[in-house]
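Undergrad: Below you'll find the structure I mean.
The values are calculated or read from the model by the stated rules, or taken from the named source; none is laboratory data. As the structure is a computational prediction, the values presented were derived from the model and not from experiment. A quick note on method: Cβ atoms are made from the backbone with ideal geometry, for glycine too, and the neighbour counts reach across all protein chains shown. Just so you know, the surface numbers come from the protein's heavy atoms only, side chains and all, with ligands and any DNA or RNA stripped out. Shrake-Rupley method; radii C 1.70, N 1.55, O 1.52, S 1.80 Å.
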Amino acid sequence: MTEFKRDRSHLSYCPPVEKWDDWVEYDAEAWPRRVEKHYQLVPTICFNCESACGLLAYVDKATGQVAKFEGNPKHPASRGRLCAKGPATINQIHDPDRILYPMKRSGPRGGGKWTRTSWDEVLETFGARIRKAFQENRGEEVMYHVGRPGYDFTMERTLQAWGIDGHNSHTNICSSSARLGYLLWHYSDRPSPDHANARFILLLSAHLESGHYFNPHAQRIIEGKMAGAKLAVMDPRLSNTASMADYWMPSYPGTEAAVLLAMAMVILKENRFDATFVKNWTNWEELEVDGFRAQGQSFEALIEALKRHYAQFTPEFAEKESGVKAEVIVKTAREIATAGSRFASHLWRGSASGNLGGWQPARALMLLHALTGSVGTPGGHNLNAWNKFVPRPFKNPPPQRRWNELLYPLEWPLCTHEMSFLLPHFLKEGRGRLEAYFTRVFNPVWTYPDGFSWIEMLRDEEKVGLHAALTPTWSETAWFADYVLPMGFSSERHDLMSQESYAGKWIGFRQPVLRVLQEREGKKFDYTYQANPGEVWEEDEFWINLSWAIDPDGSMGIRQWFESPYRPGQKLTVDEYYGWIFENSVPGLREAAAKEGLKPLEYMRKYGAYEVTTDVYKLNEKPVAAADLSGSKVEANGVVTKEGKAVGVMVDGEAVVGYNTPSRKLELFSKTMADWKWPEFALPEYYRSHIHRSAQAASMGNSAEDFDPRYMPRVEWPKDSNGEVYTLLPIFRLPHLIHTRSGNSKFLYEIAHKNPLWVNPVDAKKLGDIRTGDLLKVHTEIGFFVLHAWVTEGLAPGVVACSHHLGRWRINQEDQIERMSSAWVDLQEVGKGGWKMRQISGVEPYDTSDPDTKRVWWSDAGVHQNITFPVHPDPITGMHCWHQMVRVERANAGDRYGDIFVDTNLSFAVYQRWKALARPAPGPGGLRRPLWIPRVARPEEAAFFISTKKA
Ligand code: SF4
């Protein structure tokens, strides 16, 4: 027997760059013979989540095809490591069912009949329709709606070049509540925790296993832990992340802010806060609360006022609200105080996305950072804008003049992003129509709540004139499109990306691998679809060409933005677009490339990523630039202004840049909230979520002490709902799946393909001795779904949970649509607004050119829960509040696994009840929205005023 070799220095961690042109491995299939395989390795960027990790495509020199994907060691954020979804890209590109050619509907919309068309016809059709809409001043009828962006800035630029306010996103079902909590403090709407250097890490969601910036963050959380950091996880569910924690705090959903404020009180009462930081870097002098005005008062008086204001947040109160033990709250608060400036945290989805008022946990969490002075510090909380780099292209269009109320309606003036998930209801209310609608890597019928309302909208040709689904895979939404346009995966397209993954700034370059390789060999292509499989294209070239199709002679002023910066009047190429950026907009890249005798574009094609800087701490303390200082003045509140615009703030006698908030400091007190009709939330607060026990009692007609109708919508159960009332957590991610895009990945679906209902044993008993595998019927406010139970102690009693990402379905058995991940269903309309779905069969083996599809052994595709959820727009942030109040019972004799029923009339009524809680614009001065709050594809300032609505 061969002795086990402990010395592994003969093994490679990742292939070194100098061997990328000819990397040799033995062919595993030829074993035990040693047959060499030769690969060329080409870097690109993963497209399977927002993290943008670096991939290396291994192109087999013998076949010219990509054989596998591994990590790119030169990528500064992912450093050669990937999660399961990165290597699974190989399944996506080789899926025998993938869409290879542009398709056009040939029967009624939703009828499932398609014929192949050409890209030229697509461009001609859309170009003409959009041109006519623009000429008739109907620009707001053209809308681009994105699910997974996977790029930075290119679409904002494209739509502004068209002069329209037409950018819609998925953010309001994803993260907009957390964003408001963060941006009120420091303008940047995302955190960038420096996990690797932290001493204490607090996560309010499952970031170690599946959360935001998953792989880059996970490796740094572990680094922090290996260096001695403690980890605390606040999550009602024992996630894999919680199982790795020193403290698991299973809080009742929606009570997280109460726990965080109790921690803040421990730090305040024990006098363990960083007084110098709070004094210098918060806007404490503006605070007004409970009759106390800080202006002119001492800092000590402010601290006493805060203690009085938060007095009710004792550890015991927080325990009563949340279920987290008071002693754990005290202990973790002290650990946070001890970590001081090395306290890192992350909150993104989880409590923020689940709950009404989900922005308050982010606001309360930031109070802990302000108190510990852990903002902008090594091991602390950084701003996303400090750790993300978005270089600008050669020429940018001016902001659009119009404001589209289908995107930013008056009811939610503080929403951080477009009110995207309400679009079907807006159209139903007659607020507008769409002439040309582009959905891009976006499947609202399946990922959004209330998917049947989306079907009703999409199939209505009066409401949606022409719909193109730009997508790498089939989806439930694409089924209701007029055109299905195949767009590339990670190795089939260009994009430039950056994310706030660690304490540094980087850019990553996604590239079409086969095109790049063939061009290296001297072959020429006009378009990427000529090198990709079939005629799979990429969006960059599609939008450039569509812009030319809309404005062929340049007379509309659109074409100019898509002309080459090097060849006047000629069509811009992707090489020119990115080449210009790399040469001119990325500090240091030109020099780094020159050292290797390369042009910047060649450098990025060779390495796939570039680290721009690691000088990212305490950027608020940078001195105001001399040019800004000259001619500036200092206002009474210390803000330094020049020509009416803030450029900095005085701190300790020095003019420094500060934060982009109105006070240029961290805003402990938000005058914005007070001015925009929510004065009770000017400070970080806790108020109860829509699924709080008091709301549950009210829904059952029981006495509901503390049910506050100012904030909580009343739940009205459909007539036939039965069973016990629970809170359903529907949004936790499985680490292996990717919303719709993993549907054609055999590696990933073999790992995960079930989404049973998690039930605590206490509740299983209450429900009639439910056992794992029993069928349960879950009633929402608008319908029900039927699925299996999984009895587990990994969840707090009173709460049930069902994972997102599963429950894909297809209407047609024959069509080659995601057959390894979807159930074949019978979908019927029952009267007006009634929708009934029953599974005819689950997943079955099937015959394709890939022999593995015959070996598919699983039959479960999961159950589609989201489609049974009504929309819940948070009255302040507009975010869809995902958690559901549900009634759970044992399934009845006639119920079958996967059964679904929904009444869209009820979903419209729920929408109306939630909308009534909002406090609409105008705000001060007739504004639609505060001027200082950012907006995607921001229009010109005049459009922010309601009186200029028709501008
Ligand atoms: S975390 Fe996984 S899915 Fe996301 S970009 Fe990285 S490798 Fe891809």
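Undergrad: Measuring with a 1.4 Å probe in the full set of protein chains, what accessible area per residue, in whole Å², belongs to the chain?
TA: 36 Å²
Undergrad: Related question: Could you give the dipole magnitude of the stretch 680-772 about its Cα centre, charging the beta-carbon of Lys and Arg +1 and that of Asp and Glu -1, in debye to the nearest 20?
TA: Charge dipole, the stretch 680-772, about its Cα centre: 500 debye, nearest 20.
Undergrad: Taking 24 Å as the cut-off for C-alpha to C-alpha distance, list the pairs among 68/606; 19/68; 132/524 that go past it.
TA: 132/524
Undergrad: While we're on this one: Would you tally the net charge around residue 792, using a Cβ to Cβ cut-off of less than 13 Å, leaving residue 792 out, and scoring K and R as +1, D and E as -1?
TA: 0
Undergrad: Of all DSSP beta bridges located in the chain, what percent are antiparallel, nearest 5? Could the numbers behind the result be given before it?
TA: Values: 75 of 115 bridges.
Of the beta bridges lying entirely in the chain, close to 65 percent run antiparallel.
Undergrad: Roughly how many Å is it from the Cα centre of the stretch 492-551 to that of the stretch 654-727, as a whole number?
TA: Here the two parts' Cα centres lie 44 Å apart.
Undergrad: Please report, as a whole percent, how much of the solvent-accessible surface of the stretch 592-651 comes from carbon and sulfur atoms (probe radius 1.4 Å).
TA: Numbers: 1730 of 3280 Å².
On the stretch 592-651, the fraction of accessible area on carbon and sulfur atoms equals 53 percent.
Undergrad: Work out from phi, with θ = phi - 60° and the Karplus expression 6.51 cos²θ - 1.76 cosθ + 1.60, the ³J(HN,Hα) of each residue of the stretch 553-560, listed in order in whole Hz, and give x for Gly and Pro.
TA: So the Karplus estimates, Gly and Pro as x, are 9, x, 6, 8, x, 8, 4, 4 Hz.
Undergrad: Pull up all non-local amide H partners of residue 37: gap of 5 or more, or a different chain, and H-to-H distance under 5 Å with H placed in the peptide plane.
TA: 25, 26, 27
Undergrad: In addition: Which three extents, in angstrom, do the Cα atoms of the chain have along their principal axes, listed largest first?
TA: 80, 77, 75
Undergrad: May I pose another question? Would you mind putting 900-910, 501-511 in packing order, based on average other-beta-carbon counts within 10 Å, highest first?
TA: Listed from highest to lowest mean packing, they are 501-511, 900-910.
Undergrad: Also, I was wondering about something else. List the pairs from 61/746; 225/331; 74/746 whose alpha-carbon separation is above 20 Å, in the order I gave them.
TA: Violating the 20 Å limit, Cα to Cα: 61/746; 74/746.
Undergrad: Could you pull out every residue, at least 5 positions away or on a different chain, whose amide H is within less than 5 Å of the one on residue 800? Hs are placed 1.01 Å off N in the peptide plane, and Pro or chain starts have none.
TA: Distant-sequence amide H within range of residue 800: 727, 728, 729.
Undergrad: How large is ³J(HN,Hα) for each residue in the stretch 618-632, as worked out from phi by the Karplus curve 6.51 cos²θ - 1.76 cosθ + 1.60 (θ = phi - 60°), to whole Hz, x for Gly and Pro?
TA: These are the phi-based 3J(HN,Hα) values: 6, 5, 5, 8, 5, x, 4, 4, 4, 5, 6, 6, 5, x, 8 Hz.
Undergrad: Would you mind telling me the share, in percent, of accessible area of the stretch 1-130 contributed by carbon and sulfur at probe 1.4 angstrom? Show your work: numbers first, answer last.
TA: Details: 3430 of 6740 Å².
Carbon with sulfur: 51 percent of the solvent-accessible area.
Undergrad: Using only the alpha-carbon atoms of the stretch 398-439 as identical scatterers, what base-10 log of I(q)/I(0) does the Debye formula give at q = 0.22, 0.29, 0.31 Å⁻¹?
TA: -0.84, -1.21, -1.26
Undergrad: Relative to the compact-globule scaling 2.2 N^0.38 Å, provide the ratio for the alpha-carbon radius of gyration of the stretch 135-245.
TA: So the Cα radius of gyration is 1.43 times the expected 2.2 N^0.38 Å.
Undergrad: A further question follows. Taking amide H positions as placed 1.01 Å from N in the peptide plane, with prolines and chain starts having none, which residues 5 or more places from residue 53, or on another chain, fall under 5 Å of its amide H?
TA: Hits under the 5 Å cutoff: 46.
Undergrad: Taking the C-alpha atoms of the stretch 190-330, how large are the radius of gyration and the largest Cα-Cα span, Dmax, in Å?
TA: So, for the stretch 190-330, Rg and Dmax equal 17.1, 50 Å respectively.
Undergrad: Using only helices, what value at 222 nm comes out for the chain when you add -39,500 (n - 2.57) per DSSP H run of length 4 or more and divide by the total residues, to the nearest 500 deg cm²/dmol?
TA: On the way: 27 runs with 236 residues, N = 951.
The helix contribution divided over the chain gives -7000 deg cm²/dmol.
Undergrad: Sorted from largest down, give the three principal axis spans of the alpha carbons of the stretch 1-138, whole angstrom values.
TA: Result for the stretch 1-138: principal-axis Cα extents of 77, 33, 26 Å.
Undergrad: Right, next: If you project the alpha carbons of the stretch 408-560 onto their three principal axes, what span does each projection cover, largest first, in Å?
TA: Rounded to whole Å, the extents work out to 57, 45, 35 Å.
Undergrad: Let me see the P(r) profile for the stretch 568-707: every Cα-Cα distance counted, bins of 10 Å, each bin given as a percent of all pairs.
TA: 10, 19, 17, 19, 19, 11, 4, 0
Undergrad: Classify the stretch 818-902 from the C-alpha gyration tensor, please: rounded if a/c falls under 1.5, else prolate or oblate depending on whether a/b exceeds b/c. Walk me through the numbers before you get to the answer.
TA: Details: a/c = 2.33, a/b = 1.68, b/c = 1.38.
Prolate.
Undergrad: Whole angstrom only: what separates the Cα centroid of the stretch 53-78 from the Cα centroid of the stretch 424-477?
TA: Between the Cα centre of the stretch 53-78 and that of the stretch 424-477, the gap is 35 Å.
Undergrad: Looking at the square roots a ≥ b ≥ c of the eigenvalues of the Cα gyration tensor of the stretch 320-454, which shape do they give, rounded for a/c under 1.5, prolate if a/b is larger than b/c, or oblate?
TA: oblate
Undergrad: Turning to a different aspect of this structure: With all protein chains present, how much of the accessible area of the stretch 400-543 (probe radius 1.4 Å) comes from carbon and sulfur, to the nearest whole percent?
TA: 44 percent
Undergrad: Give the shape of the stretch 392-496 as rounded, prolate or oblate, defined through the alpha-carbon gyration tensor: a ≥ b ≥ c are the square roots of its eigenvalues, a/c under 1.5 means rounded, and otherwise the shape is prolate if a/b is larger than b/c and oblate if not.
TA: oblate
Undergrad: In whole Å, how far is the Cα centre of the stretch 256-300 from that of the stretch 153-232?
TA: When both Cα centres are located, 26 Å separates them.
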